[in-house]
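Please read the structure below before turning to the comments.
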Amino acid sequence: MPLRPFGDYLNALRAETPLVHCITNYVAMNSTANLLLATGASPAMLHAPEEVAEFTAISAGLSINIGTISSHWADAMLTATKTANQHAIPWVLDPVAVGATRYRQTLCAKLLAFKPCVIRGNASEILALCGLDSQGRGADSTADICQAVDAAIALAQKHGCIVAMTGESDWVTDGAQHYRINGGHPLMPRVTTLGCGLSALVAAFVAANREAPLGAASAALTCFAVAGERAGSNAQGPGSFQIALLDALYQLTPDELTTHAQMEAIHAV
Amino acid sequence: MPLRPFGDYLNALRAETPLVHCITNYVAMNSTANLLLATGASPAMLHAPEEVAEFTAISAGLSINIGTISSHWADAMLTATKTANQHAIPWVLDPVAVGATRYRQTLCAKLLAFKPCVIRGNASEILALCGLDSQGRGADSTADICQAVDAAIALAQKHGCIVAMTGESDWVTDGAQHYRINGGHPLMPRVTTLGCGLSALVAAFVAANREAPLGAASAALTCFAVAGERAGSNAQGPGSFQIALLDALYQLTPDELTTHAQMEAIHAV
Amino acid sequence: MPLRPFGDYLNALRAETPLVHCITNYVAMNSTANLLLATGASPAMLHAPEEVAEFTAISAGLSINIGTISSHWADAMLTATKTANQHAIPWVLDPVAVGATRYRQTLCAKLLAFKPCVIRGNASEILALCGLDSQGRGADSTADICQAVDAAIALAQKHGCIVAMTGESDWVTDGAQHYRINGGHPLMPRVTTLGCGLSALVAAFVAANREAPLGAASAALTCFAVAGERAGSNAQGPGSFQIALLDALYQLTPDELTTHAQMEAIHAV
C-alpha cells in the first residue's frame, strides 16, 4: 500500500488533537508535552497504579519511554501497555539505553509482549533490542545506522510492529516496506530528549491515523526532519534551536510537510 | 472591600520575595520555578516525609498541584497542607484533571479539608470539584467557562476560599465578590504547565499580601494576562512565546500592571 | 602546581565528551542535560537500584544533587557514590539547601564519607556543611560569600576535596590554593537550577581532566562566568537569558575561555 501525502496525516492529527498518554522519563516530560502541544496533540502525563489503566483506556494513544525507569514506573508501564493492548490503543515503545543495563533489557522484553505499534529508537537501541552488541553509551547511539537496518527489519518482523530508527538519516520499516527519511539538523543531538519527544509525536500521529500506522510514523519523523531543518537555519546554538523547533512545528502546514518531505522507499537493503 | 491597584500587590511580592513551597507535578517543576523567579518570588520544591512539614512551616506560601500524583506524593501533600493549615500559611490547590479519575477526586476531597486559601483550575476542573459533570480531557478543559461560573461561586462559598477559574477569560470569586479578567493570548494553551505555574504565582501573591487574598489572587492572574499579551505580540509560536513570557513577567512594572489590567466586577451572574 | 590555560580543560572535555551520570533533582534534570550537551559532555540520568551501580561504573564522572531528595533517591545516591569511590571515578556533591532541614544534613554527612572530588554550593550551603549557622532560605543563599571563604577552606581540608563556592564572585579552593573567579550576570539567580547544572558541568570537566581537578573545576566555573556574561549582554530577561546561555556555552571556544577568564589567585584570606 503506498503512503498518502504526509500532509494528510498531519491534517488528521490537528483535526483530532489526540489525547496521548505519556509515561516517560523525568528529563523529557516538559519538552515532550511542549512538542506535542506545538504540533497539535494533547499530552497527559500520569502513572499512579490507582488510575493508570483507567486513563490509558480513555486515551487515543500511549507513549512509553524507559529513560529514568524504576520499579514503580515499570509497573505503571506494564499496566498501561497491557490496557492499550486490550483496548487496541496504539502505543509506542522508546527503549532508552536498553543496551546499557540488564534491568532495561528485562523490562523491554516484558513490554514487547504487549505488542507496541511502533518501536522508536536509535541504532544502538535497535541493535540491543535484537540481542546484538549495541555499543550504546548512555542515551546516545554510537552505532552506525546502516549496521542496524537489518536488525530493524528483523525486529519489525518478529514483533509485527513498525520500527522507526532515527539518526543522521531515519529508517522506518514494518518488516516488508522500508523507507529512509532525510532532513533534520546537526544541532538536534545537542538538545536533550528530542528523541523522547519524537516517540510521543509518533504515538500522536499513529493515534490520529489508526488505519495507516506506517505512513503515520513516517509522517511524524518527517515532521521532525522538516521542522528541524527550518529551526536550524536560524539557530545560534542548541538553546535557540529548541525554541525554534517548537515554533517550526507549530507553523508547519500540511502542504509544507508534503512538499518538503525527503523520503525514499528502499527496495533492497 | 474594594481591591487596591494591582501594582501594589506586585510591589509587595517583590519587596518580600516570598518563599513558596511547591509540591507540583514533574512536568511543571522547572517552568514553575522559572515563572516564580522571573516575577520576583523564591520557589522551593521538596516533598520527602522526613522534611516536608519542617519546610512548609518556614515557607510564606504553599502551592499544591496533583498533575502527576502518586501515593507518596499524595502523603506529602496532605502533610504539607495540614501544616500550612496549622500555621495559617496560605496555600493554593491546583486540582489538575480532577474529573478524569476517581483517584484524583478522592485526593482532592482530602486536601480540601485543610482549607486552601485559593483553588485555581480550569472550568472542567471546577465543575468536577463541585461534583458536576466535567467533560475534562486530560489537563485541558473542554467546558465553557460561563457554564462553570455558578460552580465556582458555590465552591468558594462551600469551602470559604477564593476560586480562580482560568480560560479564555478568567473569573475570580470569594463567593461574594466576583471579577472577570481579560487578556492573555491564544498561544497560552499551546505551552505546557502555564496553568500550573500560575497556581504557584497565585500562592506567591497571596503569601506576600496575606491581608487581601482576593486582590492578590486577582493581581496574579492579571500579571499573567498582561505579560501573556505582551509575550504574544512578538512570538512566532509556542517556543518563543514561553521565553517571551518569562521576560515579560520580569520586565513588568507595578505601574504597568495597574494600568494594563482588564478587570471588571460582575454584580449579577 | 600552576593551573593550565582554561581552554586546555575545555579542549579535553570536547575531545572526550565524558559520560556524566547525574542523579539530580526533578527541577534541574532537563536544564542540566542541556547545559552538558551544549558545552560538549554526554549526560545520563538514571537512579534505579537495579542498575545504578552498574551504570556509575561505566561513567566518566558522577554528579549528585539533593534538591528534591527522598529516601529511594538517597539510597541511589549512596550506591552511586560508593561505586564511584571504589572505581576512583570523580564525583561532585551539590548539597542543595543542606541547612534547611536535618534530613539534608544527615544525608550529606553520609555522602561525604564516599569522598567527593568537588563540593559545589552557595555560601549558605558551604557554611551549613561546616556545621555553622547558614541562614539559607530554600535553595537561595542569604550569606555573604566572604563570610564563607574560611568555611570553604576548612571544608576542603577536612574532606581532602575541592570546594567550589559560587555567588556574585566564585571561590575555588583545594584547601591549599585559593582562587576567585569573576564574571557572570545578575540575571543568573533569576533562572532556576543554573547552579545545579554548573555542578554537573564541574563533574564533566573533572572527568575529562582527572589529573588536574582544581584547574578543571575552576575552568568549569569560568565557562559559566564567561558564557553568562555574554548571554546577559543581549538578554531581555531570564527567559531569553537561559536560551542565550546554552548558545554561548556551545559557541565558546577554548581560546576565548582562556582569554576572557577573570580569575585571581588569593594568597592570604
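The values are calculated or read from the model by the stated rules, or taken from the named source; none is laboratory data. No experiment lies behind these values; they were computed from the predicted model shown. Every residue, glycine as well, gets a Cβ built from its backbone with ideal geometry; the counts of neighbours run over all protein chains shown. Note: accessible area is taken over every heavy atom of the protein model, side chains too, but ligands, DNA and RNA are not part of it. Shrake-Rupley method; radii C 1.70, N 1.55, O 1.52, S 1.80 Å.
Extending each Cα 7 Å along its Cβ direction at A:D255 and A:K158, get the distance between those two points in nm, one decimal.
For A:D255 paired with A:K158, the spin-label model returns 4.5 nm.
Before anything else, pin down the relative contact order of region B:6-262: Cα pairs under 8 Å, at least 6 apart, normalised by residue count, whole percent.
22 percent.
With each label point set 7 Å from Cα along the Cα-Cβ vector, what nm distance links B:I58 and B:E16?
Taking the two extended label points, one gets 1.8 nm.
Give me the one-decimal nm value for the distance between modelled label points at A:K110 and C:S169, 7 Å along each residue's Cα-to-Cβ direction.
5.5 nm
So which residues in region C:48-70 end up with at least 50 square angstrom less accessible surface once the other protein chains are there, compared with the chain by itself, probe 1.4 angstrom?
Flagged in region C:48-70: C:E50, C:E51, C:E54.
Give the nm distances, rounded to one decimal, from B:E264 to the matching residue in every other copy, measuring between label points 7 Å along Cα toward the beta carbon; shortest first.
Distances between equivalent label points, in nm: 6.2, 6.2.
Starting from the residue with the highest accessible area, list B:S233, C:S63 in decreasing order, probe 1.4 Å.
Largest accessible area first, the list is B:S233, C:S63.
Considering only the protein assembly as shown, what is the antiparallel percent among its DSSP beta bridges, to the nearest 5?
Around 40 percent of the beta bridges assigned by DSSP in the protein assembly as shown are antiparallel ones.
Run the helix sum for the protein assembly as shown: -39,500 (n - 2.57) per DSSP H stretch of 4+ residues, divided by residue count, reported at 222 nm to the nearest 500 deg cm²/dmol.
-15500 deg cm²/dmol
Which value, in Å² rounded to 10, gives the accessible area of A:E229 with a 1.4 Å probe and all protein chains present?
Number for this one is 80 Å².
Under DSSP H, which helices of chain C have Cα atoms covering 30 Å or more of the helix axis and a Kyte-Doolittle average no less than 0.5?
Membrane-span-like by this criterion, though nothing is claimed about a membrane: C:213-234.
Taking every DSSP beta bridge that has both residues in chain B, what percent is antiparallel when rounded to the nearest 5?
40 percent
Can you give me the Cα centroid spacing of region B:6-33 and region C:15-85 in angstrom?
Cα centroid of region B:6-33 versus Cα centroid of region C:15-85: 28 Å apart.
If you take every DSSP beta bridge whose two residues both sit in region C:1-121, what share of them, in percent to the nearest 5, is antiparallel?
In region C:1-121, DSSP labels about 0 percent of beta bridges as antiparallel.
Taking each pair of distinct Cα atoms in the protein assembly as shown once, what is the resulting Kirkwood hydrodynamic radius in Å?
Final number for the Kirkwood radius of the protein assembly as shown is 26.5 Å.
With the contact rule set at Cα under 8 Å and sequence spacing of 6 or more, what percent relative contact order holds for region B:1-101?
29 percent
What gaps in nm, shortest first, separate C:R14 from its twins in the other copies when you place the label 7 Å past Cα toward the beta carbon?
Spacings between copies for this position, smallest first, are 4.0, 4.0 nm.
Of the heavy-atom accessible surface of region B:6-262 (probe 1.4 angstrom), what whole percent is carbon and sulfur?
50 percent
Expressed as cubic angstrom per residue, what is the convex hull volume of the alpha carbon set of chain A?
So the per-residue Cα hull volume is 105 Å³.
Can you tell me the dipole magnitude for chain B around its Cα centre, using point charges on the Cβ only (Lys, Arg +1; Asp, Glu -1), in Debye to the nearest 20?
It works out to roughly 380 debye.
List for region B:229-256: residues with 10 Å² or greater reduction in accessible area, all protein chains versus chain alone, probe 1.4 Å?
Buried by 10 Å² or more upon assembly, which counts only protein chains, are B:Q236, B:G237, B:P238, B:G239, B:S240, B:Q242, B:I243, B:L246, B:D247, B:Y250, B:Q251.
Buried accessible area between A and B (1.4 Å probe, both chains summed, ligands and nucleic acids excluded), in Å² to the nearest 100?
What A and B bury together is about 2400 Å².
For A:Q236, place a label point 7 Å from Cα along the Cα-to-Cβ direction in every copy; what are the distances to the other copies, in nm, shortest first?
Inter-copy label distances (nm, one decimal, shortest first): 1.3, 1.3.
Calculate, for A:Q236 and A:Q147, the FRET efficiency according to 1/(1 + (r/R0)^6) with r their C-beta to C-beta distance and R0 35 Å; round to the nearest 0.05.
Approximately 0.55, to the nearest 0.05.
Which lysines have a Cα less than 17 Å from the Cα of B:K158, not counting those fewer than 8 places away in the same chain?
B:K110, B:K115
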